[in-house]
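Scroll down for the structure; my scribbles are underneath it.
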Amino acid sequence: MNRRNLFRASGAALAAPLMPAPALAQPAGRVLRFVPHANLTVLDPVWTTAYITRNHGYLVFDTLYGFGADLQPKPQMAAGHALSDDRLTWTITLRDGLRFHDGEKVLARDCVASLRRWASRDSFGQSLAAAIEEMTALDDLRLSIRLKRPFPQLLEALSRVNGAFIMPERLARTDGFTQLREVVGSGPFRFVADAFNPGAGITYARFEGYVPRDEAPDMLAGGKRAHFDRVEWRIMPDPATAAAALQSGEVDWVETPSVDLLPLLRRQRQVAVQQIELFGQITLMRVNHTQAPFNNPAFRRALWPAINQTDCMQVIAGDDRDRWRDGVGFFTPGTPMASDAGMENLTAPRSIDAAKQAIAASGYRGEKLVFLAPTDNVSLDAVSHVVGDMFRQLGLNAEVVSTDWGTVVQRRTNRGPTEQGGWSALCTNIAAVDCTTPTAHAYMRGLGTSGAFGWPELPEMETARDSWMDAPDQPTRQAIAAQMQQMAFRDVPFYPLGQYWQPAAYRRGMTDFVRGPLPVFWNVKKSG
């Protein structure tokens, strides 16, 4: 199957289990042992955009709406909604039987407080918040969202893959810029706080009070039926250790096996290697706009001739071109908002010498650059070596700080100078499904210190984004997206480094994976 087309499969194919399986009873005490792509150090999915925390969030929390395999919003905690004739008032009704893990009923006021907190941090949520006149709980089961102006994408915003998670009002009242330490959700699994051991393991227990929807599972929507009493995340930063644990049966599922070990794993009779995550990841380098040298737009632009997407993708995904692509701009290739605008910055012949000349012309005076390089994330560790080598070839005063991903997630919130624990650049991944439109894309923003880490302040980008949301038709939206891409090549909120597809490895006997943009733990079963 050619994986260069993001939407290459029908919705039905996306929703289908990875492997067909007979109906098997799941014995009591069944445990799923999973090796995630990184260590979990932050438990609050509102406070951080880190995918490891988002994935944790989908075990513990639930959402009012979720995307199905057709990427259309579907009711989840919501029983349904009504929209007024003037399209300014949405009334959402909760379904019966929803309870938090502490035993309390989920009420409309919990949802109101949770959406307010989420909207204070999420890029799409911020746009929705700006359009809201008032959001209130009408009674225990109904919440009302009254708008200043129509906001047709409201359900898409509430269905964000990054998760507009619902939590108790007492927790949701916490400022979104303050990290929560207590985890209470209403999802199919509950977080076992006493077993939380960062760097070693995380345990989730099936929540017996969870009432799944009647529908079949549909990516992030539909019935979320837990077939395991416990899900245990085993933190294994070394890819060889994780592969050995999978072969021996110590673990059941490795999210991101190293590309170098895939041939070995494919030869094992008890191991399967398959593509569970469907849409691919876009790797990028995010830079700190608040500190030198990346606070200089000319310096940021000077690096374009040295950015080599081919090198970045080969080190992550190997030589199999069906697993990666270069020529990736600021929107996901193959989707309506992608264009060739400004792409000569990435597709022209690569030249370290040209970048050196541009750096000298930018006024760079040897300011220290601190590059955070996570060693316990397979793909980011690999691409960080390429980027670190590029900095050395360019003759920059660069310090490469090799550390774990959890430390990167914490340190990237520091806006201070490098000598005070700040940072200059880092590589990260973003789901390609989150890069399809200006509203979905968390890093195509220019909100300054109220935005995502890196904090670019780009008023023209924000104005264009607003125009995109108000555009009357698709051709107008595409033209605005092309303009935004030109702005991004000029102002450089981040550097796209390519797109790749990461297969997973698991023990044979595991079946009925729900495929989508992240690993989820409902519906999946294990025989034997």
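The values are calculated or read from the model by the stated rules, or taken from the named source; none is laboratory data. For clarity, every value in this text was computed on a predicted model and none was experimentally measured. All Cβ positions, glycine included, derive from the backbone under ideal geometry; neighbour counts span all protein chains shown. Each accessible area value is taken on the protein alone, full model and side chains, heavy atoms only, with ligands, DNA and RNA left out. Shrake-Rupley method; radii C 1.70, N 1.55, O 1.52, S 1.80 Å.
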Next item on the list: Starting from the stretch 293-304, take each residue that is small (Gly, Ala, Ser) and list its partners that are part of a helix (DSSP H, G or I), counting only C-beta distances under 7 angstrom and pairs at least six apart or across chains.
Entry: Ala298/Ser362; Ala302/Ala355; Ala302/Ala358; Ala302/Ile359; Ala302/Ser362
Notebook entry, point to check: If you scan the stretch 195-228, which residues turn out to be within 20 Å of Met510 (Cα to Cα), assigned to a loop (DSSP other than H, G, I, E, B) and open to solvent by 10 Å² or more (accessible area, probe 1.4 Å)?
Noted result: Ala216, Pro217, Arg225, Ala226, His227
Next item on the list: Return the pairs, sorted by first residue and then second, in which the second residue is assigned to a loop (DSSP other than H, G, I, E, B) and of a type in the set (Gly, Ala, Ser), the first residue lies in the stretch 164-181 and is more than 19 Å from Val106 (Cα to Cα), the beta carbons are less than 7 Å apart, and the residues are 6+ apart or on different chains.
Entry: Gly176/Ser120
Next item on the list: Please work out if Leu497 is touching a Gly at 6+ places or on another chain (Cβ under 8 Å), of a type in the set (A, V, I, L, M) and at pLDDT 95 or above.
Entry: no
Check: Which is under 30 Å from Asp218 (Cα atoms), part of a loop (DSSP other than H, G, I, E, B) and open to solvent by 30 Å² or more (accessible area, probe 1.4 Å), of Gly329, Gly334?
Finding: Gly334
Next item on the list: Mind listing whichever residues of the stretch 200-216 are among the hydrophobic types (A, V, I, L, M, F, W, C) and without any contact (Cβ under 8 Å) to a residue 40 or more places away in the chain?
Entry: Ala200, Ala205
Notebook entry, point to check: When the residues of the stretch 32-74 are filtered to those that are of a type in the set (Lys, Arg) and closer than 29 Å to Gly249 by Cα, which remaining residue is most open to solvent (accessible area, probe 1.4 Å)?
Noted result: Arg33
Checklist line | Subset of the stretch 132-180 that is small (Gly, Ala, Ser) and within 27 Å of Thr413 (Cβ to Cβ) - its residue that is farthest from the chain's Cα centre (by Cα) | finding: Ala172
Notebook entry, point to check: Which one of the conditions (1) modelled with pLDDT of 95 or more; (2) open to solvent by 10 Å² or more (accessible area, probe 1.4 Å); (3) outside any helix (DSSP H, G or I) does Pro237 fail to meet, given that it meets all the rest?
Noted result: (1)
Next item on the list: Kindly list the number of the only condition in (1) part of a strand (DSSP E or B); (2) within 21 Å of Thr290 (Cβ to Cβ); (3) open to solvent by 50 Å² or more (accessible area, probe 1.4 Å) that fails for Ser402.
Entry: (2)
Next item on the list: Could you pull out the residue among Ala373, Ala382, Ala358 that is open to solvent by less than 40 Å² (accessible area, probe 1.4 Å) and farther than 24 Å from Ala50 by Cα?
Entry: Ala358
Checklist line | Check on Arg477, open to solvent by 20 Å² or more (accessible area, probe 1.4 Å) and part of a helix (DSSP H, G or I) | finding: yes
Checklist line | Positions within the stretch 337-349 being within 19 Å of Ala488 (Cβ to Cβ) and open to solvent by 70 Å² or more (accessible area, probe 1.4 Å), in sequence order | finding: Asp340, Glu344, Thr347
Check: Which residues, taken from the stretch 435-464, are over 25 Å from Asp175 (Cβ atoms), in contact (Cβ under 8 Å) with a residue 60 or more places away in the chain and not in a loop (DSSP other than H, G, I, E, B)?
Finding: Cys435
Check: Do we find that Val251 is β-branched (Val, Ile, Thr), in contact with a helix residue (DSSP H, G or I) (Cβ under 8 Å, 6 or more places away or on another chain) and either surrounded by fewer than 23 Cβ atoms within 10 Å (Cβ to Cβ) or in a loop (DSSP other than H, G, I, E, B) (or both) in this structure?
Finding: yes
